[in-house]
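Nothing in this text is a laboratory measurement; each read-out follows from the coordinates by a stated rule. Bear in mind the structure is a predicted one, so any value in this text is a computation, not a measurement. Note that we place each Cβ from the backbone using ideal geometry, even for glycine, and neighbour counts take in every protein chain shown.
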Amino acid sequence: MTTTATFTQLLREPKEVLSHIDEGDIVVTRRGKEDLIVSKASDHRNDRQGLQLASALIAASLGEGDFITRLRLPFPWLTFLSGEEQEEFAAEIVDVARGCAAVGFFGRLGVVISAWEATASAVAEGIPVGNVDLVYFDRPVVVEGP
């Protein structure tokens, strides 16, 4: 949700005007001049990161050859994922990027890419995929040393 306030309101009642910042951006109108937008730095960083990621996806989609191969340039960690996982990543990231563009908020795009990168890091470190080799215990087991 966007809140609107005049520049005069911001100067006279800054606490009141800025109390709405957690609800979304605040548009500050000025007579005869362009409006200003006050937003949280974290929202700005998330949007900027999302736009950079979206730009990388657009660049990857325009190159020569296979799309998944081209995705390895901005996302080199994809090489640690299986071919099927790389296809899942490509499909999900395109869907999420479209959704983010539709709502004008790109924070979710960064979250999805971070999750996939964490998966690739886990695979690179040798953590079994699909928890195949993991054994779960019903209760804690005491060990003598690490």
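Structure notes:
- Angle in degrees between helix 83-103 and the longest Cα principal axis of the chain, rounded to the nearest 10: 10 degrees
- DSSP assigns beta bridges within the chain; of those with both partners inside it, close to 50 percent run antiparallel.
- In terms of its alpha-carbon gyration tensor, the stretch 1-124 comes out prolate; a/c meets the 1.5 threshold, and the first ratio a/b outweighs b/c.
- Projecting the Cα atoms of Tyr136, Gly107, Ala90 onto the charge dipole of the chain, computed from C-beta unit charges around the Cα centre, puts Gly107 farthest toward the positive end.
- Helix 41-62 axis, angle to the chain major axis (alpha carbon atoms, nearest 10°): 60 degrees
- Estimated [θ] at 222 nm from DSSP helical runs (n ≥ 4, -39500 (n - 2.57)) normalised by residues in the chain, nearest 500: -16500 deg cm²/dmol
- C-alpha long axis of helix 107-124 to longest principal axis of the chain, angle in °: 20 degrees
- Distance between modelled label sites at Ser55 and Trp77, nm, 7 Å Cα→Cβ extension: 2.1 nm
- Whole-Å distance, taken between Cα centres, linking the stretch 1-27 and the stretch 71-99: 40 Å
- The relative contact order of the stretch 42-128, computed from alpha carbon pairs under 8 Å that lie at least 6 residues apart in sequence, is 37 percent.
- Extension gain (nm, one decimal) between Val141 and Lys15, 0.36 nm per residue minus Cα-Cα: 39.9 nm
- Computed over the chain, relative contact order equals 17 percent, with contacts defined as Cα pairs under 8 Å that lie 6+ residues apart.
- Net lengthening on full extension, Asp66/Ala118 (0.36 nm per residue, minus Cα-Cα): 16.3 nm
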